[in-house]
1. For Asp155, all conditions in the list (1) of a type outside the set (Phe, Trp, Tyr); (2) modelled with pLDDT under 95; (3) closer than 30 Å to Glu91 by Cβ hold save one; what is the number of the exception?
2. Return yes or no: is Ser73 under 22 Å from Leu151 (Cβ atoms), at pLDDT 95 or above, of a type in the set (Ser, Thr, Tyr) and not in a loop (DSSP other than H, G, I, E, B)?
3. Determine whether Leu151 is of a type in the set (A, V, I, L, M, F, W, C), in contact (Cβ under 8 Å) with a residue 12 or more places away in the chain and part of a helix (DSSP H, G or I).
4. Taking the criterion of being among the β-branched types (Val, Ile, Thr) and at pLDDT 95 or above, would at least one residue in the range 128-139 satisfy it?
5. Looking at (1) touching a residue at least 12 places away in the same chain (Cβ under 8 Å); (2) outside any loop (DSSP other than H, G, I, E, B); (3) out of contact with any helix residue (DSSP H, G or I) (no Cβ under 6 Å at 6 or more places or on another chain), which is the only condition Leu30 fails?
6. Just give me the residues in the range 69-84 being more than 22 Å from Glu180 (Cβ to Cβ) and either without any contact (Cβ under 8 Å) to a residue 24 or more places away in the chain or surrounded by fewer than 20 Cβ atoms within 10 Å (Cβ to Cβ) (or both), in sequence order.
7. Given the criteria at pLDDT 95 or above, outside any loop (DSSP other than H, G, I, E, B) and crowded, with 21+ Cβ neighbours inside 10 Å, does Leu89 qualify?
8. Tally the residues that are surrounded by fewer than 23 Cβ atoms within 10 Å (Cβ to Cβ) and either among the small types (Gly, Ala, Ser) or at pLDDT below 95 (or both), restricting the search to the range 104-126.
Amino acid sequence: MIGNFDNLELAAKEAIRTWILSEKKLSGQLLNISEITEDVLKQWLGYWMLARSNPTYLRAELAKQLNELVRPSILNSSDEDLPLQIQFLTEELKKINATKGKQTSLVSKIAFCLKPEIIVPYDKRARSGLTKVYGKKMIDHDYASYYKSFLQFKDEVDDELEASGVLENLRSDWQSAMSENLFKARTADKFLMLIGGFSVEKMAKAVQEFFN
């Protein structure tokens, strides 16, 4: 059980802010462009702070595999198969030397952009948050287990969003930009990041600038 819902409203506002300012555009771009070019990949990696772990000398091959392997596989997978598919694709990219090591974060974020209503990005702070909430260490790169725990966490956050009034109080802010399900999932993700150590002050400053 979560127990403490401090900063839930902050997380909800951050979910709205990042979706409107960046994530919605990134999702639409990957869904609609005919090809993920190296330039598109560079910008995308920059937003998600994945540039350093995906060096320039690998990006031509990575872009090629995102177009030919990753994007089609994700779009053609059933919702139920996606978590394991993310793990499989992570292994494949490593095997064919399109990435340095396992890039679960990268593959999950590609999957999130392509299916934002279903997938949640894999993040080290959110993983740390899940460990703190449930007292069980998350095995690194085990996205299927991460996803299962996230859904459990999201259910608790869903209940508190409704009970606390945050869902209704922010309805005019989220309803024009995202579905209720997406709002709740992104809120749970941002809340986990705070639990996992992301700066409350930094998030609060960004939210204040956006909403004022």
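The values are calculated or read from the model by the stated rules, or taken from the named source; none is laboratory data. None of the values given here were measured: they were computed from a predicted structure. Note that we place each Cβ from the backbone using ideal geometry, even for glycine, and neighbour counts take in every protein chain shown.
1. For Asp155, the failing item is (2).
2. Yes; evaluated as a whole, the condition is true for this residue.
3. Taking the combined requirement at face value, the residue does not satisfy it.
4. No, there is no match, as no residue in the range 128-139 is among the β-branched types (Val, Ile, Thr) and at pLDDT 95 or above.
5. (3)
6. Leu69, Pro72, Ser73, Leu75, Asn76, Ser77, Ser78, Asp81, Leu84
7. Yes, satisfied.
8. So the answer is 4.
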